[in-house]
1. Search the structure for amide H atoms under 5 Å from the amide H of ASN49, placed 1.01 Å from N in the peptide plane, and list their residues when 5 or more places away or on another chain.
2. Would you kindly state how much longer the chain becomes between THR59 and SER154 on full extension, computed as 0.36 nm times their sequence separation minus their alpha carbon distance, in nm to one decimal?
3. Quickly estimate the mean residue ellipticity at 222 nm for the chain, helices only: each DSSP H run with n ≥ 4 gives -39500 (n - 2.57), and the total goes over all residues, rounded to 500.
4. Roll a 1.4 Å probe over the protein chains and send me the accessible area per residue for the chain in Å².
5. Quick one: what are the phi-derived ³J(HN,Hα) couplings along segment 107-123, Karplus 6.51/-1.76/1.60 with θ = phi - 60°, whole Hz, x for glycine and proline?
6. Which distance in nm do the two modelled labels at ARG176 and THR254 give, with both placed 7 Å along the Cα-to-Cβ direction?
7. Tabulate in residue order the Karplus-calculated ³J(HN,Hα) for segment 45-59, using 6.51 cos²θ - 1.76 cosθ + 1.60 with θ = phi - 60°, rounded to whole Hz; enter x for Gly and Pro.
8. Between VAL214, LEU165, GLY225, whose Cα lies farthest towards the positive end of the dipole of segment 124-246 when Lys and Arg beta carbons carry +1 and Asp and Glu beta carbons carry -1, centred on the Cα centre?
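The values are calculated or read from the model by the stated rules, or taken from the named source; none is laboratory data. What you are looking at is a predicted structure, and each value in this text was computed from that prediction instead of being measured. In this analysis, Cβ positions are derived from the backbone assuming ideal geometry, glycine residues included, and neighbour counts consider all displayed protein chains. Just the protein is used for accessible areas: all its heavy atoms, side chains included, with ligands, DNA and RNA removed. Shrake-Rupley method; radii C 1.70, N 1.55, O 1.52, S 1.80 Å.
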Amino acid sequence: MCMNDRNRRDFLKTAAVTGIAAAGVLAVPAAAQAAPSTADAKEKIALTNVRVFDGTSLTSPRTVVIENGRIGLTALGARKIDGGGATLLPGLIDAHIHLQDLSTLQQLASYGVTTALDMATFPPALVDSLRGRPGLTDIRSAGTPAVAPGSPQSQIPTFPADAVLSGPDQATAFVRARISEGSDYIKIIIDVPGLSPETIKAVTVAAHVRGKRVMAHATTAASAGVALDAGVDMIHHVPIDTALTASAATRYTTSGTVSVPTLTMMEGFGGLGIPGMDYAAAEGSVVALRRAGTRILAGTDSNATPGVPVHPAYGQSLHHELELLVRAGLTPREALRSATSLPAQSFGLLDRGAILPGYRADLLLIDGDPLADITATRAIQRVWVGGTEYTPVA
Ligand SMILES: [Zn+2]
């Protein structure tokens, strides 16, 4: 093997570490950290004169009511806030982050990311400490992922031994342990070489039998193929070694497998100058997936994990991801849907992703028209999380 190949293989292994955040790092006790200043969540508010993104277009100016944390029906008795003709979006959803501590939620909220799907964090106590924080970004988590013996993750001293799988016979115990810890879905790190296809399939089946979705980490065409063979629900990242072919992309579509490209992270890796890691391949993979009709979700892989070479910023990076998705050929409407209604549907979060009566009042008020210019999502005026206006910590 030439040096370049070795470097590349080592780097791909490093990339796999991205699947693990906060490894061995305990959270600062949440109570010791500053709480955000929040308005009275019980106050009924009528946001008047706002143009609502309804999943297709912007409506004419109208009133949206916030009541008891949800979108209400009538403005009767509400305090009025004049939206001044600004655009109201459903709170954004990042389909791939790694939790670090309470500031993760604060940063996400300040950029209008009101729901975040964590794709591997341990220990479970850290995840639990960040769940259900009123007025802060709502999370779901994979907890600890399944990894192969000898993988970089397995070398982390605090990595749970029961998540290092040497064969399919360990799959059921792994899935049971994650469910008992509160994992909302199951994550598998797929590298080639790595976990055997039989083990990956067994974990997938064990998760599905117990009603859990399966998230695969795959950064090469070969590992994405293994993930498709196993029947996982979502494949996170896109091949960065070579663009997905039309027929490979069609396999995603026909099997209903969802893609979370994490172009922000792929761009970061592509910029490191490692042979065989080419952002153009990642972007080409998204082009192929979109052409094939695959469902694509916005996810950033934002993390603050020591040892990971790229650290996309929480919240801010989701706006960059939307821009990269548009650059890869999605329309601005498709990009907005990839961060609102589509992740809500794909993760079974049926009370969000749209601005409808009864839904969570997760809202983002912005200047401009993001359907004309996706960068308008950055022009944030105000954010509400579960009906509580988010006021950034000074
Ligand atoms: Zn990740």
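1. Amide H neighbours of ASN49: ARG62, THR63, GLY83.
2. On the way: separation 95, 0.36 × 95 = 34.20 nm, distance 5.09 nm.
Result: 29.1 nm gained on full extension.
3. Values: 12 runs with 121 residues, N = 394.
Rounded to the nearest 500, the figure is -9000 deg cm²/dmol.
4. Details: 14610 Å² over 394 residues.
Per residue, the chain has 37 Å² of solvent-accessible surface.
5. For segment 107-123, the Karplus curve yields 5, 4, 4, 5, 9, x, 8, 9, 9, 9, 9, 6, 10, 2, 8, 9, x Hz.
6. So the two model labels end up 3.7 nm from each other.
7. Running phi through 6.51 cos²θ - 1.76 cosθ + 1.60 with θ = phi - 60° gives 10, 10, 8, 9, 6, 10, 9, 9, 6, 9, x, 10, 8, 8, 6 Hz.
8. Among VAL214, LEU165, GLY225, the one farthest towards the positive end of the dipole of segment 124-246 is VAL214.
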